[in-house]
Amino acid sequence: MRTESSAIDLDQVVADVISGIEIERSVAQAILDWPDERLDELLAATFKVRNASFGRRVKICILRNAQSGICAEDCHYCSQSRISKADIPVYRMQSVEQLVEGARLAAKSGARRYCMVCSMRGPAERDVDHLAEACERIRAEMPDLELCLSIGLLERDQAETLKAAGAGWINHNLNTSRRFYPNICTTHTWDDRVRTIENARAAGLSTCSGGIIGMGENDDDILDLAYATRRLEIDSVPVNFLHPIAGTPLEAGNALTPERCLKVACLFRMLNPRSEVRAAGGRELNLGPRQGDLFNAVNSIFVNGYLTTSGWDYERTRALIERSGFEVET
Ligand code: SF4
């Protein structure tokens, strides 16, 4: 059942969300249906929710592509999959020294979180040992830098090894709804991804998992994904806006508008009021001059690009944050 946006009492929604009440699906749908000409009202309401937990702070994160372009999986959005023909760098796992140097650069660039990403279905034991060594060295040298790994499907014992080595977070995006997942990947399942999240949490790691909007999914898929992030109590929820890459099955593009992206960001915030919600890949391409409005919903953002696509650097992003009335978390 659809609820007209004019029938929504945003003040009541904000009060409910802040007090921990889950918004009904009809309200969540109304957020996606919100009229563009009244978007400022929705953004102002969403700001109240983000402000209650995060004030005006914005956390900067930096990704490191630790192994590139040799993945056996077939994720259709990904330039590094086995079915991608994208022209990207291809290399095996970087040395421990390179990964530590990447952390130094990230810290120097003003990042609070450093995420090492490997293109793989999941790590072999030697990969876990290698990454654990990198984590130990980074933790010893930069104790305040938040350390995240995105390395595919993970078993519980592997997660425990990485936790013991000093990793704090595991990223593994659900990407879309369980229903739509076979349309974007056939080599593993949505449930496989949920198991990785559960293994990471069971090992004492914080969880980072969100999705990509603009892959051909419908509103119900976006709602299912957003409710899944809430019900799995994900600690950090990246929201990506598809950046179509030539040579991938999704190269033809998407139907996203800046307004649609903002409504989706508001939806994820309303369903995850106390979790980090992060603007991730595709913000520059899809939101353009409206990127600053994202901070009403998100409290975290990436700089220096997204593995194989480029993005704004720290200085440009910091200027955007400050111009929008927010402040970089230090
Ligand atoms: S598992 Fe990761 S690296 Fe591999 S194709 Fe999927 S998204 Fe790309």
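The values are calculated or read from the model by the stated rules, or taken from the named source; none is laboratory data. Because the structure is predicted, anything quoted here is derived from the model rather than measured. Virtual Cβ from ideal backbone geometry, glycine too; neighbours counted across all protein chains shown.
Before moving on, here are some points about what is shown:
- Residue satisfying all of: in the range 160-204; in a loop (DSSP other than H, G, I, E, B), aliphatic (A, V, I, L, M) and over 15 Å from Glu233 (Cβ atoms); nearest to the ligand (Cβ to nearest atom) among these: Ala167
- The residues on offer are Val100, Val58, Val49, and the sole one that is away from the ligand (no atom under 16 Å from the Cβ) and touching a Pro at 6+ places or on another chain (Cβ under 6 Å) is Val49.
- Near pairs, Cβ below 6 angstrom, 6+ apart or cross-chain, from the range 230-255 (surrounded by fewer than 17 Cβ atoms within 10 Å (Cβ to Cβ)) to any residue that is of a type in the set (Lys, Arg): Gly247/Lys85
- Residues of the range 150-159 that are within 16 Å of the ligand (Cβ to nearest atom), out of contact with any Asp or Glu (no Cβ under 9 Å at 6 or more places or on another chain) and not hydrophobic (A, V, I, L, M, F, W, C): Ser150, Glu155.
- In the range 174-197, the residues that are within 17 Å of the chain's Cα centre (by Cα) and surrounded by fewer than 18 Cβ atoms within 10 Å (Cβ to Cβ): Val194
- Criterion: among the small types (Gly, Ala, Ser), farther than 23 Å from Arg260 by Cβ and in a loop (DSSP other than H, G, I, E, B) - qualifying residue of Ala134, Ala86: Ala86
- A count restricted to the range 279-297 and to residues that are under 16 Å from Lys59 (Cβ atoms) and out of contact with any helix residue (DSSP H, G or I) (no Cβ under 6 Å at 6 or more places or on another chain) stands at 2.
- Residues that are outside any helix (DSSP H, G or I), closer than 19 Å to Pro238 by Cβ and in contact with a helix residue (DSSP H, G or I) (Cβ under 9 Å, 6 or more places away or on another chain), drawn from the range 31-62: Val58, Ile60, Cys61, Ile62
- With respect to the conditions (1) closer than 30 Å to Tyr306 by Cβ; (2) of a type outside the set (Ser, Thr, Tyr); (3) away from the ligand (no atom under 16 Å from the Cβ), Glu4 falls short on a single one, namely (1).
- Among the residues making up the range 282-330, those that are under 19 Å from the mean Cα position of the chain (by Cα), at pLDDT below 95 and among the acidic types (Asp, Glu) are Glu284, Asp313, Glu329.
- Enumeration of residues in the range 93-144 that are closer than 19 Å to Ala280 by Cα and of a type in the set (Val, Ile, Thr): Val117
- The requirement of being away from the ligand (no atom under 16 Å from the Cβ) and within 22 Å of the chain's Cα centre (by Cα) is fulfilled somewhere in the range 114-121, by at least one residue.
- Considering the range 64-97, and only residues there that are in contact with a helix residue (DSSP H, G or I) (Cβ under 9 Å, 6 or more places away or on another chain) and more than 12 Å from the ligand (Cβ to nearest atom), the residue that is nearest to Ile301 (Cα to Cα) turns out to be Arg64.
- Any chance Asp220 is assigned to a helix (DSSP H, G or I) and either hydrophobic (A, V, I, L, M, F, W, C) or in contact (Cβ under 8 Å) with a residue 24 or more places away in the chain (or both): yes
- Selection within the range 132-149 - within 16 Å of the ligand (Cβ to nearest atom) and without any contact (Cβ under 8 Å) to a residue 60 or more places away in the chain: Leu149
- Test set (1) outside any loop (DSSP other than H, G, I, E, B); (2) of a type outside the set (Asp, Glu); (3) in contact (Cβ under 8 Å) with a residue 40 or more places away in the chain - Pro289 fails condition number: (3)
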